[in-house]
């Protein structure tokens, strides 16, 4: 995870530039209505307490927000003519390759964290074993039986 930690830190450092790009795109006069709606959706996803992976889940909850925003930014920016999107990216000190690599890094890190979390949960369940299941049955609320 060490390699990804450094890469994630760099992505976090770039977040203000991504915010600037989001704002520039939103304010752009040639933006299609469908793309403007995508930007609204990305902003709504960030501020909404209802997410695919809730923000209360450490790391993964934040990664999915960043991934949604970067993916929307990528889709909207690449819908422009190449010279225009390069200009917007340069104004924000970004390149299309940086955006693509950041999306790839977040996906890879999320997979790694998800797999690690699943392994931890599996070990915990195995440690509880049948003794834990008997205790759960005995003290189950509302008489729920397993």
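The values are calculated or read from the model by the stated rules, or taken from the named source; none is laboratory data. It should be emphasised that the depicted structure is a prediction, and the values quoted were computed from it without experimental measurement. When we count neighbours, we look across all protein chains shown, and the Cβ atoms used for this are built from the backbone with ideal geometry, even at glycine.
Give me the residue from segment 82-112 that is surrounded by 13 or more Cβ atoms within 10 Å (Cβ to Cβ), without any contact (Cβ under 8 Å) to a residue 24 or more places away in the chain and within 22 Å of the chain's Cα centre (by Cα) and, out of that set, nearest to residue 61 (Cα to Cα). Here the residue is 101.
Filtering segment 22-46 to residues that are surrounded by 14 or more Cβ atoms within 10 Å (Cβ to Cβ) and either in a loop (DSSP other than H, G, I, E, B) or more than 17 Å from the chain's Cα centre (by Cα) (or both) leaves 24, 25, 26, 28, 31, 35, 36. Residues that are touching a helix residue (DSSP H, G or I) at 6+ places or on another chain (Cβ under 7 Å) and assigned to a loop (DSSP other than H, G, I, E, B) were ranked within segment 66-81; the one that is surrounded by the fewest Cβ atoms within 10 Å (Cβ to Cβ) is 78. Among the residues of segment 113-132, some residue qualifies, meaning at least one is surrounded by 11 or more Cβ atoms within 10 Å (Cβ to Cβ), part of a helix (DSSP H, G or I) and either in contact with a helix residue (DSSP H, G or I) (Cβ under 6 Å, 6 or more places away or on another chain) or modelled with pLDDT of 75 or more (or both).
From the list 34, 5, 28, the lone residue that is more than 15 Å from residue 103 (Cα to Cα) and free of Cβ contacts under 8 Å to residues at least 60 places away in the same chain is 34. Restricted to segment 47-65, and to residues there that are more than 16 Å from residue 102 (Cβ to Cβ) and assigned to a helix (DSSP H, G or I), the residue that is modelled with the highest pLDDT is 47.
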